[in-house]
1. Out of 310, 285, report the one residue that is aromatic (Phe, Trp, Tyr), at pLDDT below 80 and surrounded by 12 or more Cβ atoms within 10 Å (Cβ to Cβ).
2. Kindly provide the set of residues from the stretch 316-341 that are closer than 26 Å to residue 208 by Cα and outside any helix (DSSP H, G or I), ordered by number.
3. Please count how many residues of the stretch 484-524 are polar (S, T, N, Q) and open to solvent by 60 Å² or more (accessible area, probe 1.4 Å).
4. So which pairs qualify, if the first residue must be in the stretch 112-133 and at positive phi and in contact (Cβ under 8 Å) with a residue 12 or more places away in the chain, the second must be outside any helix (DSSP H, G or I) and open to solvent by 70 Å² or more (accessible area, probe 1.4 Å), the Cβ gap must be under 7 Å, and the two must be at least 6 apart or on different chains?
5. Hey, among the residues in the stretch 19-33 that are in a helix (DSSP H, G or I) and open to solvent by less than 50 Å² (accessible area, probe 1.4 Å), which one's nearest to residue 86 (Cα to Cα)?
6. Would you tally the residues in the stretch 342-382 being assigned to a loop (DSSP other than H, G, I, E, B), open to solvent by less than 40 Å² (accessible area, probe 1.4 Å) and within 17 Å of residue 322 (Cβ to Cβ)?
7. Scan the stretch 474-488 and report the pairs whose first residue is in contact (Cβ under 8 Å) with a residue 24 or more places away in the chain and whose second residue is part of a helix (DSSP H, G or I) and open to solvent by 40 Å² or more (accessible area, probe 1.4 Å), with Cβ atoms within less than 7 Å and a gap of 6+ or a chain change.
8. Residue 45 is checked against (1) under 13 Å from residue 133 (Cβ atoms); (2) of a type in the set (Ser, Thr, Tyr); (3) loosely packed, with under 15 Cβ neighbours inside 10 Å and fails just one. What number does that condition carry?
Amino acid sequence: MIMIRSIFLFLDRTYVLQNSMLPSIWDMGLELFRAHIISDQKVQTKTIDGILLLIERERNGEAIDRSLLRSLLSMLSDLQIYQDSFEQRFLEETNRLYAAEGQKLMQEREVPEYLHHVNKRLEEEADRLITYLDQTTQKSLIATVEKQLLGEHLTAILQKAKYVDSKLRAGNKEATDEELEKMLDKIMIIFRFIYGKDVFEAFYKKDLAKRLLVGKSASVDAEKSMLSKLKHECGAAFTSKLEGMFKDMELSKDIMIQFKQVKVTPCKQAVEQVKNRRLGLAGGYMQNQNVPGNIELTVNILTMGYWPTYVPMEVHLPPEMVKLQEIFKTFYLGKHSGRKLQWQSTLGHCVLKAEFKEGKKELQVSLFQTLVLLMFNEGEEFSLEEIKQATGIEDGELRRTLQSLACGKARVLAKNPKGKDIEDGDKFICNDDFKHKLFRIKINQIQMKETVEEQASTTERVFQDRQYQIDAAIVRIMKMRKTLSHNLLVSEVYNQLKFPVKPADLKKRIESLIDRDYMERDKENPNQYNYIA
C-alpha cells in the first residue's frame, strides 16, 4: 500500500484532491483490501485465531513478536473492524482464561499472595494496552480481569479479611501493637482491590460505631492508625464521617465532665436506696433533691450525619430514667440552643446491681434487658404479653431479649415452660438461685448483633446513596456539555463514578432525570440528550 501510494503520489495530491467524489489512493486501497481479503471469513478467522494464540502464549509466559501483534492490530483498527472482528473474541478468551485461573489459584494460595498475583496480571494487561492493544479496549479489558480474579471471589476474600473487627475489639490478646499494625497493612492490600469501596465504608462504619459506643476498642491508636491508612488510600472525603465519629466521642466526654460538675455532689445513699430491691441501677451522683440518686448517667452525643442510621424505638422507661433524661436535656440545650436531641434506646446499656442467694452481683446489660429485669422488683412472675405491654419493646426485639436472659449462658431469669425459644404464653420469674464465678457479668447484648435484616438495610442505604451520586454526575456532565450522545454520556459518567454500575441501572437513572425535567431526548436524534436549564 505504501509503495503504491508513493508511485501515484502526484496523482493523489492533484487530480484526486480536486475531485471530492473520489477517494484517496490510501482509502481506496484499504476498502479493496477489506472487501476482497480481510472480509473473507476464512482469512479473517485465521488471522484472529493467530493473534489470539500469540496473546495466549504471552500470557503463559512465552516470548512473542510484539511488533507483529502491534502491526496486525493497527491494521484492524485502520480497516475499522477491530471491535467487531477482534475485540469481542479477545474479551471472551480473556474472560475464560481468568475465570479458570481465579478458581484454581483461590484454592491454592493465601489471600495476600493471591492479590499480589492479581496485581501482577493487571500490570501485564496494562502493558499490553500500551504496547499493542487499542486504547478503546482498556475499560472492558480491565473490568473483565477484575471481575474474574476479584469480583467472583470477593466474598471469599472479604471473609478472610472480616476478622479486622475482631482484631480491633477489646479482649484481643493474640496480637501485640506491632503485630496489629502489620495485620492492618495486610487488610489495606485487600482493600485496594475492592472496587465498591462505599460498601466497605458502610459496614466498617457500623462495626466502628459498635466498638466506640460500647467501649470495646482494643486500642484507640490502632483505630486511628486504620483511619489514617484509609485516608491515605482514599482521601479525606472518604474518612470525614469516620473522623467525625471519633470527634463526637471526645466531645461527649467533655460534655459529661461539665454535666457532672454542675451542682453535683456524691450520693452516699446510693447503695442503701436499692438495699431492699433485687435490682437497681448502679451509680452515685445526684444533681439536686429531685434527681434520682442511685443512677449515674453517661450520654454520647452523636451527630446524625456521621453515624450509621438507627431506627428510633419508643419504650417505657422508669420514672427515674425519664427524670434524668429531662435534666440532661435541659442542661445540654441550655448550652446548645437550637439543637434537637433524639434518644436512641437501641444503643443504650446499663450496669445493674443485683442480689441473689449467692450474694451481690453486677449485671452489664442492654437497655432492653434492663427494662425487663427491673420489672421483677415489682412482682414475682410475668408473662410475655405483660412484659411487652409494660416495657413497650417491639415483639421481635423483646423475644430476643428474653431469650438472652432466660435461655443463654447467664440465666438470671427462669422460663416456664423450659425451652430454647420464646413462645406466646411463656412466663418468667427471677432466678434467685443464679450463680456465677464473676462479680460483674456481661449478658450478651442481643440488640448490638448484626442481623441479616441490618445487613440488607445497610446494603440498601448504600444503593440509595449511589442513586444520588449517579444523578448528580449525570446532571453535572449535562450542565457542562449541554448536548451529548448516549454513548459519550455513559462513558463520562463511568469515568466519574468510583463504584460499579450496570448499564441497565444507568439507563434507569437517565430516564428518571428525563421524567423530572433535568434533561430531554433530542427530537431529531433519540440517542442524543439536551440539558434543560
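1. Residue meeting the stated conditions: 285.
2. 339, 340, 341 - these are the residues of the stretch 316-341 that are closer than 26 Å to residue 208 by Cα and outside any helix (DSSP H, G or I).
3. Number satisfying all stated conditions: 3.
4. Note: no pairs meet the criteria.
5. The qualifying residue nearest to residue 86 (Cα to Cα) is 30.
6. Number satisfying all stated conditions: 1.
7. Taking only residues 6 or more apart or on different chains, the pairs are 474/509.
8. Here residue 45 meets the rest and fails (1).
The values are calculated or read from the model by the stated rules, or taken from the named source; none is laboratory data. Just so we're clear, the structure is a prediction, and the values are computed from it rather than from any experiment. All Cβ positions, even for glycine, are placed from backbone atoms using ideal geometry, and neighbour counts span all protein chains on display. When the accessible area is computed, the model is the full protein with side chains, heavy atoms only, and any ligands, DNA or RNA have been set aside. Shrake-Rupley method; radii C 1.70, N 1.55, O 1.52, S 1.80 Å.
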